[in-house]
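Here's the structure, in structure tokens; my notes come after.
The values are calculated or read from the model by the stated rules, or taken from the named source; none is laboratory data. Note that the structure is a prediction, hence the values are computed from the model and not measured. Note: ideal-geometry Cβ built from the backbone for every residue, glycine included; neighbour counts use all protein chains shown.
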Amino acid sequence: MCGIVAAAAGNNIVPVLIEGLKKLEYRGYDSAGLAVIGAGAIERVRSTGRVAELEAAATGTRAVTGIAHTRWATHGVPCEKNAHPHVSGTIAVVHNGIIENYETLRRELTAQGYEFTSDTDTESIAHLIQASLQGEPDLFKAVQIACRRLVGAFAIAVIDQNQPGKVVVAREGSPLLLGVSEAGNYAASDASALLQVTRNMVYLENGDIAELTAHSVKIARLDGTPVERPVHVSQLSAAAVELGNYQHYMQKEIFEQPEALANTLEIVGGSKSIQPGIFGAAAADLLADVDSILILACGTSSHSGYTARYWLEAIAGVPCNVEIASEYRYRTSVPNPRQLIVAISQSGETADTLAALRHAKALGQPKTLAICNVPESAIVRECSLRFITRAGPEIGVASTKAFTTQLAALFVLTLVMAKVKGRLSAEQEATYIDQLRHLPVAINKVLQLEPAIKSWAKRFADKHHALFLGRGRHYPIALEGALKLKEISYIHAEAYPAGELKHGPLALVDANMPVISVAPNDQLLDKLKSNLREVQARGGELYVFADADSEIREAEDIHLLRLPEHYGELSPILHVIPLQLLSYHVALVKGTDVDKPRNLAKSVTVE
Ligand code: F6R
């Protein structure tokens with residue numbers, strides 16, 4: 001979703017702004033722009049194309065102070081007039097988030113004589129700051145006054161041609177961090193944009209405002225009270241956000257899964273036992289009287305939650321529910337203070353998941369655990385317990401390695417809860433831990449199925465629909481397979497628990513409907529085989545991912561691939577990988593934009 005880069009330095013900052021925007025492209029955008037203070041005046045360049053086009057349009061622009069933006073349209077279609085920065089008189093502003101009271105502000109500012117030239121909510125911020133400057137000439141203070149009028153979520157960066165050498169940034173609800181260095185000071189939506197200039201990052205809190213010059217950083221609350229924020233040295237490796245030898249980030253991230261799993265599970269170490277402390281110092285006490293679990297998440301992260309539900313109830317005996325965060329936050333639910341709230345999120349900034357977490361806490365549910373890939377994110381900071389997946393930066397919009405590392409984290413939670421409930425023998429625990437440790441090797445073997453999956457992909461290119469089937473803990477894997485296929489290949493895909501087929505979806509099955517089935521050798525295999533025969537009897541074409549020892553045979557209407565190992569409880573982590581590969585190769589055949597599918601954003605920081 002929208003990205004911000006801002007800089008105040010001793011040298012020309014235009015290349016830093018452009019490089020920063022390139023690093024934020026993965027978040028999803030449909031237009032881009034920048035504004036700098038050139039020879040005493042604001043110079044603005046905007047483009048509805050890619051950042052590379054903005055770069056070409058900005059050739060020759062030089063300045064030491066500037067702001068830049070990638071926009072993912074919310075208010076107003078993607079077009080040049082709606083692209084950021086927005087200008088009002090002497091100032092220019094870029095904004096991430098949504099201003100909920102923008103219509104009121106727009107009416108008020110129009111009545112004061114300000115002229116609106118875009119359909120965006122952001123333009124009202126620009127005019128509001130300009131109006132504040134009339135009574136308070138200091139930009140830092142004028143932005144504070146303006147921000148106090150804003151309702152909604154925002155991260156903004158502002159420059160004023162009358163105060164050159166200065167950038168003011170503020171945040172409330174949308175992510176923003178500072179990068180500090182000898183050569184200059186910077187701000188961005190995430191650290192990857194600033195690694196080019198510094199590793200020293202300052203994470204702004206909600207309600208913080210900062211003034212950056214080439215040599216100074218001043219931070220305050222929006223009421224003007226000065227605050228100090230610590231400097232963190234980012235551990236993010238610049239190489240981790242490079243594409244390297246891969247064609248797409250999604251491909252890179254699928255193949256990084258053995259390493260991502262190994263890194264995530266490093267915390268388990270060489271021991272034969274897992275202690276609650278893995279989730280934080282307070283975990284032993286906090287988990288002791290947990291009587292149930294409620295998982296809150298969106299999209300792919302909710303699918304890891306649905307999978308974990310099977311584990312938590314079967315292995316730990318803990319009642320578990322999973323709710324889509326955007327639904328939970330608005331429904332009337334019955335709070336249970338002994339329930340553990342688990343917020344799952346790759347980014348840790350998803351607006352709905354964050355709001356659902358806050359809603360649960362406000363209802364009087366104090367026990368909270370974040371399972372998240374970004375240690376400094378809002379969701380992690382707002383939970384009492386945490387498990388940081390160490391998948392590394394996930395750039396491709398379609399989530400892959402974040403999903404499998406979340407599953408590993410949730411399995412660790414299952415083992416800890418099973419121990420807390422006295423349901424896990426030392427022997428069982430040691431066996432499960434060995435299986436977890438072996439996962440990177442097992443995943444490597446599954447990745448070797450790629451050539452066969454690639455040959456299947458061609459058969460999907462002319463299809464408009466697909467059906468995914470799974471049973472038990474593999475039903476959420478079918479859901480994830482369908483989500484992957486639809487988001488990157490634009491083929492309409494649905495997932496069903498295979499037992500539901502004859503209750504409706506069987507009516508859709510004919511020769512044009514590929515049916516993809518996750519068919520591990522578990523206690524439901526025989527039931528699943530009967531479901532597959534129902535598909536064959538209707539002329540459907542089956543694509544089956546079985547295990548080495550599943551007794552399913554290839555036939556004219558059954559294409560079969562066998563995963564090398566049968567992996568028991570952890571089998572969902574292996575079985576999702578061929579589905580990721582299938583979607584990736586179908587998208588390649590169809591020629592879609594794999595890493596930046598249309599209409600989607602990586603980090604959904606607005607509702
Ligand atoms: C799908 C995908 C999305 C995200 C969802 C939640 O491939 O990436 O469905 O899973 O937007 O995002 P996070 O996990 O960052 O909260």
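Please determine, by comparing only the residues of the range 353-363 that are touching a residue at least 40 places away in the same chain (Cβ under 8 Å) and either away from the ligand (no atom under 12 Å from the Cβ) or surrounded by fewer than 23 Cβ atoms within 10 Å (Cβ to Cβ) (or both), which one is farthest from GLY3 (Cα to Cα). Step by step, filter the range 353-363, then rank; the result is ALA360.
If the condition is being closer than 16 Å to PRO175 by Cα and outside any strand (DSSP E or B), then the range 186-221 contributes SER189, ASP190, ALA191, SER192, ALA193, LEU194, LEU204, GLU205, ASN206, GLY207.
Would you call ARG437 away from the ligand (no atom under 16 Å from the Cβ), farther than 17 Å from GLY568 by Cα and either more than 28 Å from the chain's Cα centre (by Cα) or in a helix (DSSP H, G or I) (or both)? No: the conditions fail for ARG437. Inside the range 482-509, residues that are in a helix (DSSP H, G or I), within 16 Å of the ligand (Cβ to nearest atom) and either without any contact (Cβ under 8 Å) to a residue 24 or more places away in the chain or not charged (D, E, K, R) (or both) make up a count of 6.
Criterion applied to LYS596, LYS590 was being touching an Asp or Glu at 6+ places or on another chain (Cβ under 8 Å) and modelled with pLDDT of 85 or more, and the one residue passing it is LYS596. Filtering HIS575, HIS566 for residues that are at pLDDT below 90 and within 33 Å of the chain's Cα centre (by Cα) leaves a single hit, HIS566. Residue check: ALA57 meets all listed conditions (1) of a type in the set (A, V, I, L, M, F, W, C); (2) in contact (Cβ under 8 Å) with a residue 24 or more places away in the chain; (3) more than 25 Å from ARG171 (Cα to Cα) but one, namely (2).
When the range 390-407 is examined, which residues are found to be more than 9 Å from the ligand (Cβ to nearest atom), at pLDDT 95 or above and either under 15 Å from the mean Cα position of the chain (by Cα) or in a loop (DSSP other than H, G, I, E, B) (or both)? LYS401, THR404, THR405 - these are the residues of the range 390-407 that are more than 9 Å from the ligand (Cβ to nearest atom), at pLDDT 95 or above and either under 15 Å from the mean Cα position of the chain (by Cα) or in a loop (DSSP other than H, G, I, E, B) (or both). Apart from one condition, GLN448 fits all of (1) over 17 Å from THR400 (Cα atoms); (2) more than 24 Å from the chain's Cα centre (by Cα); the exception is (1). Can you tell me which residue is nearest to ILE371 (Cα to Cα) among those in the range 440-451 that are in contact with a helix residue (DSSP H, G or I) (Cβ under 8 Å, 6 or more places away or on another chain) and assigned to a helix (DSSP H, G or I)? Among those that are in contact with a helix residue (DSSP H, G or I) (Cβ under 8 Å, 6 or more places away or on another chain) and assigned to a helix (DSSP H, G or I), it is PRO440.
Looking for something more than 16 Å from the ligand (Cβ to nearest atom), not in a helix (DSSP H, G or I) and not aliphatic (A, V, I, L, M) - is there at least one such residue anywhere in the range 570-588? Taking every residue of the range 570-588 in turn, none turns out to be more than 16 Å from the ligand (Cβ to nearest atom), not in a helix (DSSP H, G or I) and not aliphatic (A, V, I, L, M).
Check the range 341-349 and report whether any residue there is in a helix (DSSP H, G or I), farther than 17 Å from MET417 by Cβ, near the ligand (Cβ under 9 Å from one of its atoms) and not acidic (Asp, Glu). No, the conditions are met nowhere in the range 341-349.
Could you tell me whether any residue of the range 333-346 is hydrophobic (A, V, I, L, M, F, W, C) and over 23 Å from ILE278 (Cα atoms)?
Yes - at least one qualifying residue is present in the range 333-346.
Per-residue answers, yes or no, for (1) touching a helix residue (DSSP H, G or I) at 6+ places or on another chain (Cβ under 6 Å); (2) over 15 Å from LYS484 (Cβ atoms):
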residue: GLU565; (1), (2): yes, yes
residue: PRO572; (1), (2): yes, no
residue: LEU579; (1), (2): yes, no
residue: HIS585; (1), (2): yes, no
residue: LEU588; (1), (2): no, no
residue: GLY591; (1), (2): no, yes
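Every listed requirement among (1) away from the ligand (no atom under 14 Å from the Cβ); (2) closer than 30 Å to GLY481 by Cα is met by GLY299 save one, (1).
Between PRO337, PRO366, PRO375, which is part of a loop (DSSP other than H, G, I, E, B), free of Cβ contacts under 8 Å to residues at least 40 places away in the same chain and either within 11 Å of the ligand (Cβ to nearest atom) or under 30 Å from LEU581 (Cβ atoms) (or both)?
PRO375
If you filter the range 319-334 down to residues that are within 16 Å of the ligand (Cβ to nearest atom) and not in a loop (DSSP other than H, G, I, E, B), you find that the one that is surrounded by the fewest Cβ atoms within 10 Å (Cβ to Cβ) is GLU327.
Can you pull out the residues in the range 218-238 that are surrounded by fewer than 17 Cβ atoms within 10 Å (Cβ to Cβ) and under 24 Å from LYS23 (Cβ atoms)? Once the filter is applied, which keeps residues that are surrounded by fewer than 17 Cβ atoms within 10 Å (Cβ to Cβ) and under 24 Å from LYS23 (Cβ atoms), the range 218-238 yields ARG229, PRO230, VAL231, HIS232, VAL233, GLN235, SER237, ALA238.
Among the residues making up the range 64-87, those that are surrounded by fewer than 23 Cβ atoms within 10 Å (Cβ to Cβ) and either among the aromatic types (Phe, Trp, Tyr) or within 30 Å of HIS215 (Cβ to Cβ) (or both) are VAL64, TRP72, VAL87. Taken together, the residues in the range 288-297 that are surrounded by fewer than 21 Cβ atoms within 10 Å (Cβ to Cβ) and not acidic (Asp, Glu) amount to 3. I'd like to know if the range 138-146 contains one or more residues that are surrounded by fewer than 24 Cβ atoms within 10 Å (Cβ to Cβ), farther than 26 Å from GLU19 by Cα and touching a His at 6+ places or on another chain (Cβ under 7 Å). No, that holds for no residue.
Report yes if ARG423 is surrounded by fewer than 17 Cβ atoms within 10 Å (Cβ to Cβ), more than 16 Å from the ligand (Cβ to nearest atom), closer than 13 Å to ALA316 by Cα and not β-branched (Val, Ile, Thr), otherwise no. For ARG423, the condition - surrounded by fewer than 17 Cβ atoms within 10 Å (Cβ to Cβ), more than 16 Å from the ligand (Cβ to nearest atom), closer than 13 Å to ALA316 by Cα and not β-branched (Val, Ile, Thr) - is met. Of ARG553, ARG598, ARG562, ARG538, all but one fail to be basic (Lys, Arg), in contact (Cβ under 8 Å) with a residue 24 or more places away in the chain and away from the ligand (no atom under 16 Å from the Cβ); the exception is ARG538.
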